[in-house]
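To keep things clear, I will list the structure first and then write my remarks on it.
The values are calculated or read from the model by the stated rules, or taken from the named source; none is laboratory data. It should be emphasised that the depicted structure is a prediction, and the values quoted were computed from it without experimental measurement. Using ideal geometry, Cβ is built from the backbone for each residue, glycine included, and neighbour counts are taken over all protein chains shown. Side chains are part of the model used for accessible areas, which takes the heavy atoms of the whole protein and leaves out ligands, DNA and RNA. Shrake-Rupley method; radii C 1.70, N 1.55, O 1.52, S 1.80 Å.
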Amino acid sequence: MKNKKKILIPIIAVAAVIIIAAVSALAVFQGELRTLLSVKERDDTGIYEVNYAADYKLDELLSQGGAATEEELVQYILKTMLKGLPIDVPYEIPNLACSTFSAETPEGGFIFGRNLDNQQTDLAVVKTSPKDGYSSVSVVNLSFLGYNENYTPDKLLDRINTLATAYFPLDGVNEKGLAVGVLQLQAPKTAQDNGKPDVGTTLAIRAMLDKCATVREAVEFLESIDMFAAANGCYHFQIADATGDSVVVSYVNNEMVLTEKKDGILCATNFYLHDVPFEYEKQGLDRYEILVEELTETKAVLDLEGGKELLHAVNITGTDPDEKGRVYSTQWSSVYDLTSPSLHLWADMDYASEYIYEP
């Protein structure tokens, strides 16, 4: 009996250590685990839903000077959310040929619409509710985070990269009715250097959704940071809010330029809406002309169905292959209701299948 007791004591001690370690791990990674467990695909559509429960520590990142590159941002994610675990989070931001517009509804509310045009990809609809910020719903291109037809976040261990989704939104709306969408420009890169916090393209969208209730607050935020465009590129943002205000923010030789509504109309594709002192490749003129024509004809008054039809009219059904053999088409269409904040989403140009999400 004495020998048995001697054997049992170390076994119990080891078990206790394992239990304590497991409980500690659960405590440390509680938000991350809840996030990973929430990931699910919607109706076999390639739309993955992520209910983000982890603390992604946006204020801490900005107070430390921000992140000028995607690599810096990924390193911050690894340090804060994965506690330094050696996990590989690949990222690639390819060309984006997109369309955006803002409009008033017949009832006096406001909507914001956007097409995301890119190579074939799955997407994630990400809900975030930061403790010190506004809740929001945003859309993320999962190919940016290494997912493809052979690697999807269906299994728990394959979902680790979805912990980065909070920091890679391409469009979204928050509970106050502020919506943002980003569009690429084939122009000289944006890399401001004024001694302010360094903020990249998708990080800027995350911060605006978390911190800003109106267009003017979003503009103030962008004025308070140094913009470093993703992938050494150039982008502009269309921003709209629940009051009907909307603006396109672009960067010319690292100077921020605002384009306001003209005759109640504002829309954008993939070229500057104003003169610039350099040559660049203008893209999306045909789509822009369709947007302007429809918004002019309707006096920029559209209901949600009309917003969907307008996005349908400017979608891209398939480009010629690029130098890497990639074909671009409309991956998702979003109409954001800014008055009763919500996302109305159609994926892969299936305009018969609508998915609705609220912040």
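Computed over protein heavy atoms with a 1.4 Å probe, the accessible surface of the stretch 28-152 works out to 42 Å² per residue.
For the chain, the 222 nm mean residue ellipticity estimated from helices alone, with every DSSP H stretch of n ≥ 4 adding -39500 (n - 2.57) and the total spread over all residues, rounds to -8500 deg cm²/dmol. When only alpha carbons are used to place a centre, the stretch 58-77 and the stretch 176-198 end up 15 Å from one another.
Backbone geometry of the stretch 208-223 corresponds, through the Karplus equation with coefficients 6.51, -1.76 and 1.60 at θ = phi - 60°, to 3J(HN,Hα) couplings of 5, 5, 6, 10, 10, 9, 9, 4, 5, 5, 5, 5, 4, 4, 4, 6 Hz, x marking Gly and Pro. The phi torsions of the stretch 185-198, fed into the Karplus equation with coefficients 6.51, -1.76 and 1.60 and a -60° offset, translate into couplings of 10, 8, 9, x, 5, 9, 8, 6, 8, 10, x, 9, x, 7 Hz, rounded to whole numbers, with Gly and Pro shown as x. Taking every protein chain into account, the accessible area of the stretch 183-233 amounts to 34 square angstrom per residue (probe 1.4 Å). The residues of the stretch 245-359 present an accessible area of 50 Å² per residue when probed at 1.4 Å with all protein chains retained.
Under a 5 Å amide H cut-off, with hydrogens placed 1.01 Å from N, Tyr134 pairs with Lys211 among residues at least 5 apart or on other chains. As a rough guide to protection, the peptides 53-60, 73-80 ranked by mean Cβ packing within 10 Å, highest first, stand as 73-80, 53-60.
Across Gly177, Gly84, Gly31, mean-square fluctuation computed from a Gaussian network of the chain (C-alpha pairs under 10 Å connected) peaks at Gly84.
Size descriptors for the chain (Cα atoms only): Rg and Dmax, in that order, 22.2, 93 Å.
Solvent-accessible area of the stretch 205-313 (1.4 angstrom probe, protein heavy atoms only): carbon and sulfur portion equals 47 percent. Positive end of the dipole of the chain (Cβ unit charges, origin at the Cα centre): among Val137, Val182, Leu310, the Cα lying farthest that way belongs to Val137. In the stretch 205-277, the convex hull through the Cα atoms has an average projected area of 5.3 nm², a quarter of its surface area. Summing Cβ point charges (Lys, Arg +1; Asp, Glu -1) relative to the Cα centre of the chain gives a dipole of roughly 2440 debye.
Of the candidates Ala313, Ala240, Ala67, which one comes out as most mobile in a Gaussian network treatment of the chain with C-alpha springs shorter than 10 Å? Judging by the Gaussian network model, the answer is Ala313.
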